[in-house]
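Below: one structure, written as structure tokens.
The values are calculated or read from the model by the stated rules, or taken from the named source; none is laboratory data. In this text the structure is predicted, and so the values were computed from the model without any measurement. Every residue, glycine as well, gets a Cβ built from its backbone with ideal geometry; the counts of neighbours run over all protein chains shown. To get the accessible areas, we keep the full protein, side chains included, count just its heavy atoms, and leave off ligands, DNA and RNA. Shrake-Rupley method; radii C 1.70, N 1.55, O 1.52, S 1.80 Å.
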Amino acid sequence: MRSFIYFLSLAAVSAAFLVAGPSGPHAVAYNTAVLTDDHRQDPYAPTPQKRRVPISVYLPVDVSRKPCPKQTLPYMTPAVAAHYGQLAAQIGLANDTFAKFDMEYCNLQKLCSKKTRGSFPLVLYDTGLGPARGLYGAKARDVASQGYVVVTVDHPYDAGIVEYPDGSVVESIPFNDTEAEVVNFLKVRGQDLSFVLAQLQNSGVRTKILAHYTSTIDFSRVVSIGHSLGGVASELIANTESLIRGAVNMDGGIHEPVSSTGVDKPTMQFGRAGHDQTDPSWDALWPLLRGPAAELALANATHGTFTDVLTLLGPFMASLPPEVVQGLQQEYGSIDPKEAQKSIVGGLVAGFEFVFDGRTQGIDEIHQHYSNLNLRAAMIPPNVGITPEKEGSILNFISRQWKIVPEPVTDVDLTGKTAVIVGANCGVGLEVARQFLELGLGTLIIGARNEERSNIAMEDLRGTCGDKASIETWPIDLASYDSIVSFAERANSLHRMDFVVLNAGMCATTFKINESTRHDETTQINYLSLALTAALLLPVAKMKRATQGDPTRVTFTSSDVASWTTFKERSSVPLLPALDSGAADLTDRMMVSKLLGQFYIAELVQRIPSSVVTINCATPGMVYGTQFNREVDKTFGGKLVKPILRYLGYRPHVGARNITDAALRHDNAATHGQYLSAQRLKPMAPIIYTEEGSRISVQLWKETMAEFAFAKVEQIIDQVRKE
């Protein structure tokens, strides 16, 4: 706050300063009220009294047909301005400095409009611990101008100062910054916000608050948002209030009970870039976000950027001494003040569309519209008109195999580009490589264990492209971690690495423990080894991005069968040792291994932005004529199933079209972390989106990172995520 005072000496020379107007198409009217909870005592008041909660209401006004008369009101109430004025006086400034800021609003009394003009969604906007609600007034007004009724809330005794309409004030109680105190503040905030929401639904209260207002509140579209502790409070009440559709937390560290319960509804974590580097609570919460979730990062920002301070001081920045500017930037960020306001409001609106309508375009394309904003992570089941349960059903699978023939990919030019395909010496992988070459691929790296088969595949592929492409075979044995590490290290020698396809896999008929890693061989090859390969190639992909321009696309070959497994080990803790103890059904174990891969991708993309490396997975569908089922084909059951496989299955080159499509098509942000089937975004296995799945996902990630500790994979991922 001390650094904030310096710039105010410049404002003090004028009688008043008008805060810059809102950016949206609506004018904004303003009202205040004090809501008294007759059923609750104030837990902080020194004498027994009912809890009294002051609110400010920002009302969007449609001025498309009739302009709105303007009125100017103080930015802060007198006592709040005087409170901050005392801080100013400590360094020799006038004690009325804060009283000189004004805001312009629509005067509803002079508007004289009687015709009702629609309804607007409700935004319940909570403050940080300490600042008065007035310090968010400019942002609240700006959000309202976008077409939202915004209600900000003061919490007496945890705010530095609260002023009531009669001029009486209450100041904050002593605060020692203990977790117990914060948790108690959060509990009372939750009660305050729930009470405010209930009062807004009371027609008598609403009539007073919305006096002269010709529009209404749309209570079917309510979102809770907040800064700092207010952000956590917004997530808290999203869980407890059925009316609230979702929450946006602006840079607030997570506390109990939210840190244990998580959030069931759509949630957006919206923080300063690097928030996770100083606050581990966000990463810990992520797996507990059971609804659609996204995380936005604001570049060159600090925790204080989300208040109004930069908006207020923006016009004075050029006139401030360099040392003052430096101090302000340390506390409130080096981002341009106008860009900060625009980015925060734009990010919030994208969050509202995400919560209310499931619209992800605003979030996916946020960086295109606001250069200081980046989508760090997203966990959003694709909105494709089908549930995970229906998509994963066997009947739907059979119908898809019968009715849909994947289309060849012909609209992509791969001239000069490089692809690494692991498992490309036969079957689907070989055909993916062929399709890449037919599209003009410049360099192909075939990763495979069997050198003889690799050389045969290379000669086969040369017949496709002649001398137009460079084709190399690199050894990689997925049964050996050392081999995987060597393969990834060799990738550093590539000039570029535009595409990585991880296609290798196996379907065993006898249970076997890998001699090197001591894990179940199916789990080792189909899950652990591919997961390690992808992780070790991440820093290579990041390094090559500067040469390529676009991020590397990493595509895993997945399978519909991930939805079919019984997954009897799902309750086992730890999980990997349970898989190593044996398997009565090796076909189901193969299905489990594919499901583990989907869990891994879902966790990995939470840590790696699509703008750094884009990661997805796809199923080729049921394919016959490959080496994947070579062991099963020898069994009696395999011989019985083979006619069905031939009848319903695709030939390898047809199934490969699905993998080629996933690797080459689709917007990076839209496909990041997603599963594709029949060349369309589809949900992953149903369990991925359940509370049980969230628990398994976290557990599996921890065990996998512990397994890869020898290669420091967790540290590698942490470094790659830093753009």
Worksheet item: Lone cysteines in the chain, going by a 4.7 Å Cβ-Cβ cut-off?
Response: Cys112, Cys426, Cys465, Cys507, Cys617
Item to complete: Principal axes first, then extents: for the Cα atoms of region 649-723, list largest minus smallest coordinate on each axis, whole Å, largest first.
Response: 40, 31, 24
Discussion item. I want to verify the translational diffusion coefficient of region 123-273 in µm²/s; compute it with Stokes-Einstein, Rh as the Kirkwood radius over Cα pairs, at 10 °C and 1.306 mPa s.
Written reply: 100 µm²/s
Fill in: Angle between the chain longest axis and helix 481-490 axis [Cα atoms, degrees, rounded to 10]
70 degrees
Discussion item. How big is the dipole moment of region 296-430 about its Cα centre under a simple scheme where the beta carbon of each Lys and Arg is +1, that of each Asp and Glu is -1, and everything else is neutral? Debye, nearest 20, please.
Written reply: 360 debye
Worksheet item: With Cβ to Cβ distances under 13 Å as the rule, what net charge do the other residues near Asp264 carry (K, R +1; D, E -1)?
Response: 0
Practice prompt. May I ask you to work out the translational diffusion coefficient for region 407-448 at 37 °C, viscosity 0.692 mPa s, via Stokes-Einstein with Rh from the Kirkwood sum over Cα pairs, reported in whole µm²/s?
Written response: 318 µm²/s
Response to the item:
With N residues in region 324-435, Rg(alpha-carbon) / (2.2 N^0.38 Å) equals 1.70
Worksheet item: Charges only on Cβ, +1 for Lys and Arg, -1 for Asp and Glu: so what's the dipole of the chain about the Cα centre, in debye to the nearest 20?
Response: 1880 debye
Response to the item:
Note to self, the chain gives a 222 nm [θ] from helices alone (DSSP H runs n ≥ 4, -39500 (n - 2.57) apiece, / all residues, nearest 500) of -11500 deg cm²/dmol
Worksheet entry | Modelled FRET efficiency - R0 25 Å, Thr410 with Gln361, Cβ distances, 0.05 increments | 0.40
Response to the item:
Once the dipole of the chain is set up from charges on Cβ (+1 Lys and Arg, -1 Asp and Glu), the residue from the list Ala669, Leu700, Ser611 lying farthest towards its positive end is Ala669
Worksheet entry | Extreme residue, positive dipole direction of region 361-470, given options Ser454, Ala424, Leu395 (C-beta unit charges) | Leu395
Item to complete: Read phi for every residue in region 143-152 and hand back ³J(HN,Hα) as whole Hz from Karplus 6.51 cos²θ - 1.76 cosθ + 1.60, θ = phi - 60°, with x for Gly and Pro.
Response: 4, 4, 5, 7, x, 9, 6, 10, 10, 9
Worksheet item: Pairing the Cα long axis of helix 394-403 with the longest principal axis of the chain, what angle in degrees results, from 0 to 90 and rounded to the nearest 10?
Response: 70 degrees
Practice prompt. Please turn the phi angles of region 50-67 into ³J(HN,Hα) values with the Karplus equation 6.51 cos²θ - 1.76 cosθ + 1.60 (θ = phi - 60°), one per residue in order, whole Hz, x for glycine and proline.
Written response: 6, 6, 10, 10, x, 9, 10, 10, 10, 10, x, 10, 6, 10, 5, 10, 9, x
Discussion item. Just to verify a number: FRET efficiency for Asp336 and Arg665, C-beta to C-beta distance, R0 = 45 Å, to 0.05?
Written reply: 0.80
Practice prompt. Please give the net charge around Ala180, taking every other residue with its beta carbon less than 14 angstrom from that of Ala180, where Lys and Arg add +1 and Asp and Glu add -1.
Written response: -4
Worksheet, complete the sentence: Sequence order, region 693-699: Karplus ³J(HN,Hα) from phi using 6.51 cos²θ - 1.76 cosθ + 1.60, θ = phi - 60°, Hz rounded, Gly and Pro as x, gives x, 4, 5, 4, 4, 5, 4
Discussion item. How large is the accessible surface of Asp413 in square angstrom, using a 1.4 angstrom probe and rounding to the nearest 10?
Written reply: 100 Å²
Worksheet item: Going from most exposed to least, what order do Arg376, Arg570, Arg189 have by accessible area with a 1.4 Å probe?
Response: Arg570, Arg376, Arg189
Worksheet item: In this model, which of Lys403/Lys682; Lys70/Lys338; Lys342/Lys542; Lys100/Lys342; Lys100/Lys139 are farther than 20 Å apart at the alpha-carbon?
Response: Lys70/Lys338; Lys342/Lys542; Lys100/Lys342
Worksheet entry | Label point distance in nm, Gln86-Val205, each placed 7 Å from Cα along Cα→Cβ | 3.1 nm
Item to complete: Just subtract the alpha-carbon distance of Glu691 and Glu171 from 0.36 nm times their residue separation and send over the number in nm, one decimal.
Response: 183.0 nm
Practice prompt. Give, as a single signed number, the net charge of other residues whose beta carbon lies under 14 Å from the beta carbon of Phe17, with Lys and Arg counted +1 and Asp and Glu -1.
Written response: -3
Worksheet entry | Heavy atoms of Thr207: accessible area, 1.4 Å probe, square angstrom to 10 | 100 Å²
Worksheet entry | Sites Glu489 and Thr278, calculated FRET efficiency, Cβ-Cβ separation with R0 41 Å, nearest 0.05 | 0.80
Response to the item:
Ordering 326-337, 195-206 by per-residue average of other C-beta atoms within 10 angstrom, highest first, gives 326-337, 195-206
Discussion item. Roughly how far apart, in whole Å, are the Cα centres of region 251-291 and region 514-591?
Written reply: 27 Å
Item to complete: Beyond 35 Å, what share of the Cα-Cα pairs of the chain is found? Please give it as a whole percent.
Response: 50 percent
Worksheet entry | By accessible area with a 1.4 Å probe, ligands and nucleic acids excluded, highest first: order of Glu569, Glu452, Glu339 | Glu452, Glu339, Glu569
Discussion item. Heavy atoms of the protein only, probe of 1.4 Å, neighbouring chains included. What is the accessible area of Asp38 in Å², nearest 10?
Written reply: 100 Å²
